[in-house]
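The values are calculated or read from the model by the stated rules, or taken from the named source; none is laboratory data. None of these values were measured; they are calculated from a predicted model. Cβ placement follows ideal geometry from the backbone for every residue including glycine, while neighbour counts extend to all protein chains displayed. These accessible areas exclude ligands, DNA and RNA; they are computed on the full protein's heavy atoms, side chains included. Shrake-Rupley method; radii C 1.70, N 1.55, O 1.52, S 1.80 Å.
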Amino acid sequence: MIPPTLPAALKVALDAKLEGLSRNDAAARASAISRTYRDGGGSGTIRTEADALAYALARMPATYAAVVASLNALSEIRPDFSPQTLLDIGAGPGTASFAAAEAFASLERFALLDRNESLRALGIELAREFPRLNQSTYSSSDAPTGLAQADVADLVIASYVIGELSEEDRNELTTLMWSKTSDTLLIVEPGTPAGYARIIGARQQLIARGGHVAAPCPHDSACPLTPPDWCHFAQRLARSRAHKEIKGAELPFEDEKFSYVAVTRKPIISGRARVLAQPSLSKVEVSAKLCTASGLLLAKVPRRDKAAYARARRWRWGDAVMDES
């Protein structure tokens, strides 16, 4: 498992970009960009180097943490997965590529694509601090065009991308991404009901095309959750001083909520259940909502079962735990 914090070299590179930067100006740019995304827009408002840097300072730590949490979950279920090639779709400043490079020492080739020239330029500059990414290719194109020209990769990642598309375009992109996936496709979206709905739509589409869910679900059946409930997780990360200034935040930490699905071409037999909410701990028992191979389960582990209770006390939201149902 790798930590959710940005690698030291990446922090240094971002800090160097802060020299002479107006925090107030960066905060205003970041706020405007965030507002556009919340309103359903894309990266079109990121037009300059200053815009790209403001976006990276505000969003890169949280996006990195969410992708790392998803990759950690995938690695836990598939400890033998050793991808050699990566395709990063809608790569932005390269956040998912940096996370994958940390998660998989086996990766040898990195291909990134994004149509936003400012984000692409920043990603290329930041990658210079990572010897493994120095030889990466970064295509300037929209996702459909870039994917049509891209080589098949062992691991394909689309983080915070499909939310910018219409339902029809999302379906087409999901089909195209799967065609470029030789092993595993990871899709990460915000942990909102709308983000979860997009993940579920892609999940259903990929299963119909022969895919198998590696994480977070312990099965390929329909999601057992019903509205207003939705499947999402949270990753806590520390905020740097610059991050707090850009975000206008007081707390020294941030909880990034996200939804994700990792789909592989090989059937998965893990024997694990997924903890869907923070367990409730009392002197009598541990109660936890689990997604199991046979559906939802409200597990109650009594204190009198000392061994099981000791294990359950360590359960955390998002963990993969032994399915004892």
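Please give the peptides 140-152, 207-219 ranked by average Cβ packing (other Cβ atoms within 10 Å per residue), highest first, as a rough proxy for protection. If you can, show how the numbers build up before the last one.
Details: 140-152: 15.5, 207-219: 19.3.
Descending mean neighbour count gives 207-219, 140-152.
In the stretch 158-252, carbon and sulfur make up what percent of the accessible area (probe 1.4 Å)? Numbers along the way, then the final one.
On the way: 2240 of 4260 Å².
So the carbon and sulfur contribution to the accessible surface is 53 percent.
Would you mind working out the accessible area per residue for the chain, using a 1.4 Å probe, and quoting it in Å²? List each step's numbers first, then the result.
Numbers: 15180 Å² over 325 residues.
With the other protein chains kept in place, the chain gives 47 Å² per residue.
Figure the gain on full extension for A234 and L296 (residue separation times 0.36 nm, minus the Cα-Cα span) and round it to one decimal in nm.
On the way: separation 62, 0.36 × 62 = 22.32 nm, distance 1.96 nm.
Between A234 and L296, full extension yields an extra 20.4 nm.
I'd like the accessible area for K266: 1.4 Å probe, protein heavy atoms, all chains in place, Å² to the nearest 10.
For K266, solvent-accessible area is about 110 Å².
Charges only on Cβ, +1 for Lys and Arg, -1 for Asp and Glu: so what's the dipole of the chain about the Cα centre, in debye to the nearest 20?
Details: 39 positive and 37 negative charges, 258 e Å.
Using Cβ point charges on Lys, Arg, Asp and Glu, the chain gives about 1240 debye.
To the nearest 20 debye, what charge dipole does the stretch 109-178 have about its Cα centre, counting +1 at the Cβ of each Lys and Arg and -1 at the Cβ of each Asp and Glu? It would help to have the intermediate numbers written out before the result.
Values: 6 positive and 12 negative charges, 78 e Å.
Once rounded to the nearest 20, the dipole reads 380 debye.
Take A308 and R109, extend 7 Å from each Cα along the Cα→Cβ direction, and tell me the distance between the two endpoints in nm.
5.0 nm
Set the Förster radius R0 to 41 Å, insert the Cβ-Cβ distance between R265 and E168 as r into 1/(1 + (r/R0)^6), and round the FRET efficiency to 0.05.
On the way: r = 25 Å, r/R0 = 0.61.
Rounded to the nearest 0.05, the efficiency is 0.95.
At 0.36 nm per residue, minus the direct Cα-Cα distance, what do K257 and T48 gain on full extension? Give it in nm, one decimal, please.
Values: separation 209, 0.36 × 209 = 75.24 nm, distance 2.81 nm.
Length difference between fully extended and current span is 72.4 nm.
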